[in-house]
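The values are calculated or read from the model by the stated rules, or taken from the named source; none is laboratory data. What you are looking at is a predicted structure, and each value in this text was computed from that prediction instead of being measured. Every residue, glycine among them, receives a Cβ derived from its backbone with ideal geometry; neighbour counts consider all protein chains shown. Accessible surface is based on the protein model in full, side chains and every heavy atom, while ligands, DNA and RNA are left aside. Shrake-Rupley method; radii C 1.70, N 1.55, O 1.52, S 1.80 Å.
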Amino acid sequence: VQLQASGGGLVQAGGSLRLSCAASGQTFNTYGVGWFRQAPGKEREFVAAIDWRGSTAYYADSVKGRFTISRDSAKNTVSLQMNGLKPDDTAIYYCASARSSQAATIRWAYHYWGQGTQVTVSS
């Protein structure tokens, strides 16, 4: 399956962006999907994840209450709504398809990755 992340851009602190992850090649509707991010000089870190039914979601503490992950099975997409953005949110954001139907917070649980989309938050 090929994943395409989009929706990144430059935004001022306090602003919002909505990232989208689209799957092609095959559906990822029966798999968990996660978002990770990587800032320059830092390790890739977990941001949010959702299970195949959209009934369970996990968030990193740093984004809890500001970011919301959701999925649209009809469109074969997963979105990440990001509100209240901070300069520390600046990173390349990657979506990934899990090896199972469950939401997961660790990188090894994912085997297909998108190419990433840049999010830059100015102060």
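Miscellaneous remarks
- Looking at 42, 75, just one residue is modelled with pLDDT under 95 and either out of contact with any His (no Cβ under 6 Å at 6 or more places or on another chain) or over 24 Å from residue 108 (Cβ atoms) (or both), and that residue is 75.
- All of 50, 69, 92 fail the test of being surrounded by 15 or more Cβ atoms within 10 Å (Cβ to Cβ), closer than 14 Å to residue 8 by Cβ and not hydroxyl-bearing (Ser, Thr, Tyr), apart from 92.
- Residue count for segment 78-89, restricted to those that are in contact with a Lys or Arg (Cβ under 7 Å, 6 or more places away or on another chain), open to solvent by less than 50 Å² (accessible area, probe 1.4 Å) and either hydroxyl-bearing (Ser, Thr, Tyr) or over 16 Å from residue 50 (Cα atoms) (or both): 2
- Subset of segment 2-29 [open to solvent by less than 30 Å² (accessible area, probe 1.4 Å) and within 10 Å of residue 76 (Cβ to Cβ)]: 21, 23, 28
- Qualifying residue in segment 53-64 (condition: in a loop (DSSP other than H, G, I, E, B), over 21 Å from residue 123 (Cβ atoms), at pLDDT 95 or above and in contact with a Gly (Cβ under 7 Å, 6 or more places away or on another chain)): no
- Residue 6 meets the stated requirement of being at pLDDT 95 or above and hydroxyl-bearing (Ser, Thr, Tyr).
- In segment 95-123, the residues that are crowded, with 17+ Cβ neighbours inside 10 Å, of a type in the set (Val, Ile, Thr) and within 15 Å of residue 45 (Cα to Cα): 117, 119
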